[in-house]
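Notes follow once the structure below has been shown.
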Amino acid sequence: MQSDTSSSPEPYSGDGNRFPGGRPAATTLIHIWPASALGEEDTDLTAYLASAWRKLHATSRRPPRCPRCHSGGATNNGADYKGLPQFVCDQCHRRFNRLSGTPMARLRPDEGTLHAFFGLASQHMSVAEASRRLGINAETVVRWSVQSRLWLLELDPSGSWERHVHLAVHYAVIPEDQQGNAPSGGLGCRCSPVRSASAANDMPALLRVCPLCEQGRHPSQLSTG
């Protein structure tokens, strides 16, 4: 196993509000992966993300449901400067498009760079290396990762596709006294144990930090390598 500790993150805070009952949170955020997996792209995830992105940019004039009031009635309202169809809700009168209300709504990425990011999302590499390859800063890589993971959970609430993402995902060490009763971030938290402690390999028990908890730390508190 290899770990990326080129940056030393702040301990994962265990305040009483985020962790009901005063249970301590996992303490240290780390990147960790099997050496055999380095540089491997999950092409199924890449294709899934690209397909979902194309649907958000469909040129169809058939209105989707309003992201604010969820009404099925809307009127076509032209297109934006990129040609993305715009709609106005007949119920609440909000102007929206297919991106509105999704975690990807405010990213405004360069298309080529975003599709390159989709190809890296499943790979076990440092944020610094992804930043170099994509030509964007490290904070943007982390933000795109968090928003993409939130989006995947909307598309697939089971979490199956979200678990295919590895870029900029953090894992927290579960304290020994919490093993078997992994800390929870409270309402909406999807953090999940991914590894049991192994004395043979001197490995701690790990918790995969969900995008909701990552989002709470980004950008001012989240540090990645």
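The values are calculated or read from the model by the stated rules, or taken from the named source; none is laboratory data. This structure is a prediction, so every number in the text was calculated from the model and none was measured. Don't worry about glycine lacking a Cβ; one is built from the backbone with ideal geometry, like all the others, and counts go over all protein chains shown.
Checking Arg54, Arg65, Arg61 one by one, the residue that is in a loop (DSSP other than H, G, I, E, B), without any contact (Cβ under 8 Å) to a residue 12 or more places away in the chain and surrounded by fewer than 16 Cβ atoms within 10 Å (Cβ to Cβ) is Arg65 and no other.
When segment 85-126 is examined, which residues are found to be over 19 Å from the mean Cα position of the chain (by Cα) and either part of a loop (DSSP other than H, G, I, E, B) or of a type in the set (Ser, Thr, Tyr) (or both)? Reasoning before the result, please.
So the first thing to find is which residues in segment 85-126 are over 19 Å from the mean Cα position of the chain (by Cα), and the list is 85-98, 112.
Correct list: Asp90, Gln91, Cys92, His93, Arg94, Asn97, Arg98.
Within segment 33-51, the residues that satisfy the criterion of being modelled with pLDDT under 90, among the small types (Gly, Ala, Ser) and not in a loop (DSSP other than H, G, I, E, B) are Ala35, Ser36, Ala37. Asn97 fulfils the conditions (1) out of contact with any Pro (no Cβ under 8 Å at 6 or more places or on another chain); (2) at pLDDT 90 or above except for a single criterion, (1).
For every residue, the table says whether it meets (1) over 14 Å from Gly39 (Cα atoms); (2) surrounded by fewer than 21 Cβ atoms within 10 Å (Cβ to Cβ); (3) not assigned by TED's automatic domain parsing to the domain that holds Tyr48.
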{"site": "Arg108", "(1), (2), (3)": "yes, yes, no"}
{"site": "Leu114", "(1), (2), (3)": "yes, yes, no"}
{"site": "Ala121", "(1), (2), (3)": "no, no, no"}
{"site": "His124", "(1), (2), (3)": "no, yes, no"}
{"site": "Ser131", "(1), (2), (3)": "yes, yes, no"}
{"site": "Thr140", "(1), (2), (3)": "yes, yes, no"}
{"site": "Glu154", "(1), (2), (3)": "yes, yes, no"}
{"site": "Ser158", "(1), (2), (3)": "yes, yes, no"}
{"site": "Glu176", "(1), (2), (3)": "yes, yes, no"}
